[in-house]
Amino acid sequence: MKVVVLGAGVAGVTAAYYLHRDGHEVTVIEREAGAAAATSFGNAGGLCPSFAGPWAAPGMIAKVLKMSLQRQAAIRFSLAPSPRRLAWLARWIGQCNAERFRVNKLRMQRVAHYSHACLKDIIASGIPVSFDYHQDGTLQLFQHETDLKAVPNITRALDAFEVPWRFLEGDAIVRQEPSLAGSLAPMAGALFLPADASGDCHAFTTGLAAHLAGQGVVFRYGARVQALRTEAGAVSGVQLDDGLMQADAYVVALGNQAPALLRPLGIALPVYPVKGYSITATITEPERAPRAALMDEYNKVMISRLGDRIRAAGMAELKGYALDVDPGRVAFIKQVVSQWLPQGVDVAGARAWAGLRPMTPDGPAVLGPTRYGNLYLNCGHGSNGWTQACGTGKIVADVVAGRRPDIDLEGLTAERFQGARK
């Protein structure tokens, strides 16, 4: 079949990989000048199936309201009237209870662990893609004794999803991660999650795209999608600036742009952009840089090692689609990194970035079939895109081919949003 993939972020490129592997003639359409130039460019770098879970959780409503009063809150939202944002928030609030959290986390865990296995298979296949991958786990750091109150609930959830963990205190934390020996931040305790890994999402995506281009996959960069044309219950073509492109099947992997494209087709996706920030700093003393990814639970900042660089990312802002970089937010992330790693990293010279995570109110991505027989979705990965993309790419390719995916699609398709307001 001829298959058009819309979007060359990590979700679109991994879908293209599996579609090409199935023998399809694949074309990828991307508005940017290259692959992974938007959301996939500067994310945290953590491949964290152990962490995969929804933002909507018990206690989050009160936490967000409390943070809104803080000067450097990890979460911010605009008070300007926006029907789409308010509708998304209303749905999100409805998911912030224990039962919905359990259901949504289970769905995300199902995809995340499968995805990591798919990524390992891609690595083992011998494709020449270098992206500083290393599986050294995640260290979830708790600064204060009061923060440790959350640990029993966290570990019960980890046990429920059969995720390995170890609780560490005192010197055991530094023995596990020697780079923290000089830390200026308090450490009341830590959870070590050995199943997690780190890697450069941008390097992986651009490398895989280059490999696919060499194998015959067509990448059309700088091409803007105007609309999807439909006829007799199917998509008949993609309207681009320079004409209509036709294929047998179409995969939408457009992140935050997906809802606007799909709305005229009667498909209402409650995906909203949640802005995050990152810095990338050069490692000056390798022995002082962490191997494990560090998750500062208090400040909600993740620090990952990517070769000779450190990537630190965090923050969540519901303020629309603007990509301006707030110097105050960058300064805060630099401050957090300097507390944990006061030596060995050139924090002052770090490069700053801001990106928009395409988030669903319940957490899981939106995958697979639609009301149109040849239109498929690979959208709404939120802050878990890098962790889940290889798995969702394989799932969507299986659905396009008419195969049953390796994991259950229950709760992962657009059907769960039936009746959603546009």
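With no other cysteine's Cβ closer than 4.7 Å, which Cys residues of the chain count as lacking a disulfide-compatible partner?
Cysteines of the chain left without a disulfide-compatible partner: Cys48, Cys96, Cys201, Cys379.
Stretch Arg84-Asp136 to full length: gain in nm at 0.36 nm per residue minus the Cα-Cα span? Numbers along the way, then the final one.
Details: separation 52, 0.36 × 52 = 18.72 nm, distance 3.97 nm.
Result for the pair: 14.7 nm of gain on full extension.
Enter the accessible area per residue of segment 148-272 (Å², integer; probe 1.4 Å; all protein chains in place). If you can, show how the numbers build up before the last one.
On the way: 5430 Å² over 125 residues.
Dividing the accessible area of segment 148-272 by its residue count gives 43 Å².
Looking only at GluC sites (Glu not before Pro) in DSSP loops with at most 14 other Cβ atoms within 10 Å, what is the longest site-free stretch of the chain?
Numbers: sites that count: Glu162, Glu169, Glu410.
Here the longest run is 170-409.
Under 1.5 on a/c is rounded, so check that first for segment 28-174, then, if it is not, pick prolate when a/b is larger than b/c and oblate when it is not; a ≥ b ≥ c are the square roots of the alpha carbon gyration tensor eigenvalues. Present the calculation step by step, with values, prior to reporting the outcome.
Numbers: a/c = 1.66, a/b = 1.12, b/c = 1.48.
It comes out oblate by the Cα gyration axes.
Taking H placed 1.01 Å from N in the peptide plane, check which residues at least 5 places from Ser236 or on another chain put their amide H under 5 Å from its amide H.
It is Arg229, Thr230, Glu231, by chain and number.
Using the Cα centre of segment 52-108 as the reference point, and only Cβ charges (+1 on K/R, -1 on D/E), how large is the resulting charge dipole? Debye, rounded to the nearest 20. Walk me through the numbers on the way to the answer.
Values: 11 positive and 1 negative charges, 19 e Å.
Rounded to the nearest 20 debye, it is 100 debye.
Is segment 314-382 best put as rounded, prolate or oblate by its Cα gyration tensor, with a ≥ b ≥ c the root eigenvalues, rounded for a/c under 1.5, and otherwise prolate when a/b is larger than b/c, oblate when not? All intermediate terms of the calculation are to be shown ahead of the outcome.
On the way: a/c = 3.40, a/b = 2.70, b/c = 1.26.
Prolate.
If you place +1 on the Cβ of every Lys and Arg and -1 on the Cβ of every Asp and Glu, how big does the dipole about the Cα centre of segment 258-350 come out, in debye to the nearest 20? The partial results should precede the final answer.
On the way: 11 positive and 9 negative charges, 52 e Å.
Roughly 240 debye, rounded to the nearest 20.
So what is the accessible area of segment 1-77 per residue, in Å², with the probe set to 1.4 Å?
On the way: 2920 Å² over 77 residues.
I get 38 Å² per residue for this part.
Can you tell me the dipole magnitude for the chain around its Cα centre, using point charges on the Cβ only (Lys, Arg +1; Asp, Glu -1), in Debye to the nearest 20? Please list the in-between numbers first.
Working: 43 positive and 36 negative charges, 262 e Å.
The dipole magnitude comes to about 1260 debye.
With everything on Cα atoms, drop me the angle between helix 151-160 and the longest principal axis of the chain, reported from 0 to 90° to the nearest 10.
40
Report, to the nearest 10°, how far helix 98-124 tilts away from the longest principal axis of the Cα atoms in the chain, using its own Cα long axis and a range of 0 to 90°.
The angle comes out at about 80 degrees.
Given a 1.4 Å probe and every protein chain left where it sits, what share in percent of the accessible area of segment 352-401 is carbon and sulfur? Walk me through the numbers before you get to the answer.
Numbers: 430 of 950 Å².
About 45 percent, which is the carbon plus sulfur part of the accessible surface.
Could you report the accessible area of Thr387 in Å², rounded to 10, computed with a 1.4 Å probe on the protein chains as they sit in the structure?
Its heavy atoms expose roughly 10 Å² to the probe.
I need the Debye-formula profile for segment 282-422: one equal scatterer per C-alpha, no solvent, reported as log10 I(q)/I(0) at q = 0.11, 0.13, 0.18 1/Å, two decimals.
Once normalised to I(0) and log-transformed, intensities are -0.58, -0.74, -1.03.
Percent antiparallel among DSSP beta bridges with both residues in the chain, to the nearest 5?
70
If one computes the Cα centroid of segment 314-348 and of segment 26-90, what distance in Å separates the two points?
Rounded to whole Å, the Cα centres lie 15 Å apart.
On the accessible surface of segment 56-114, probed at 1.4 Å, how many percent belong to carbon and sulfur atoms? Write out the running numbers ahead of the final one.
Details: 2170 of 3280 Å².
The C+S portion of the solvent-accessible surface of segment 56-114 is 66 percent.
The values are calculated or read from the model by the stated rules, or taken from the named source; none is laboratory data. Please read all numbers here as calculations on a predicted model, not as lab measurements. Backbone-built Cβ (ideal geometry, glycine too); neighbour counts: all protein chains shown. Quick note on the areas: whole protein, heavy atoms, side chains included, nothing else; ligands and nucleic acids left out. Shrake-Rupley method; radii C 1.70, N 1.55, O 1.52, S 1.80 Å.
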